Amino acid sequence: MSLYINNTLAKPGRIFAFTQILISVLVVLACSIATYFIWGLSYAISVLAGGAISIIPNFVFAYKAFKYAGARSSEKVLDSFYSGEKLKIVLTAVLFALAFRFLAIEPIAFFSSFCLVVALPLITPFVIKP
């Protein structure tokens, strides 16, 4: 396990991915707090749930995708990206199912937060430089 954690070639990508995830967490928390004061607790919980359903799979993907780097591990890099993406899709579906089953969701707040976190990685490269 320590072989890929200390991989210096994957480090810049890993740092950038986790920086984007941290920004997503901060944006969701800020939106949730604002939503709580404007519309109340049920909307704030929906915002948190929608954001978490996008953030958690992104974190798992970033962890898996940046395990390996370099020409010698090109096959491992490709395999880790594919397995990370598969895991991300399955985890997203499971988290959606759990949220719909166990939470009282306010749909507009929930899906707005989810879509915001999905779109955030498109915006963050303009704000932070990799």
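Any read-out appearing in this document is the output of simple, stated calculations on the displayed coordinates, not a laboratory observation. These figures come from a predicted structure and were not determined experimentally. No Cβ is skipped: glycine too gets one built from the backbone with ideal geometry, and neighbour counts run over all protein chains shown.
Select from 19, 29, 109 the residue farthest towards the positive end of the dipole of the chain; place +1 on Cβ of Lys and Arg, -1 on Cβ of Asp and Glu, and compute about the Cα centre. Toward the positive end, the furthest listed residue is 19.
Only four residue types carry charge here, +1 at the Cβ of Lys and Arg and -1 at the Cβ of Asp and Glu. Report the dipole size of the chain about the Cα centre in Debye, rounded to the nearest 20. If you can, show how the numbers build up before the last one.
Details: 10 positive and 4 negative charges, 87 e Å.
Dipole of the chain, to the nearest 20 debye: 420 debye.
Annotation: amide H of residue 106 within the under-5 Å range of 46, sequence separation 5 or more or interchain, hydrogens built in the peptide plane. Listed peptides 33-40, 108-115 appear in the order 108-115, 33-40 once ranked by packing, highest mean of other Cβ atoms within 10 Å at the front.
Treating r as the C-beta distance of residue 42 and residue 76 and R0 as 41 Å, the FRET efficiency rounds to 0.35. Global size of the range 8-118: 16.1, 54 Å for Rg and Dmax (C-alpha atoms, Rg to one decimal, Dmax whole). Of the peptides 76-82, 120-126, 58-64, the ranking by mean beta-carbon count within 10 Å, highest at the top, reads 58-64, 76-82, 120-126.
Only helices at least 18 Å long along their axis, Cα-based, and averaging 1.6 or more on Kyte-Doolittle count here, so list those DSSP H runs from the chain. Please list the in-between numbers first.
Values: long enough: 11-39 (41 Å, 1.51); 41-65 (35 Å, 1.35); 74-102 (41 Å, 0.73); 107-127 (30 Å, 2.06).
Flagged H segments are 107-127.
With a Förster radius of 30 Å applied to the C-beta separation of residue 123 and residue 89, the computed FRET efficiency comes to 0.85.
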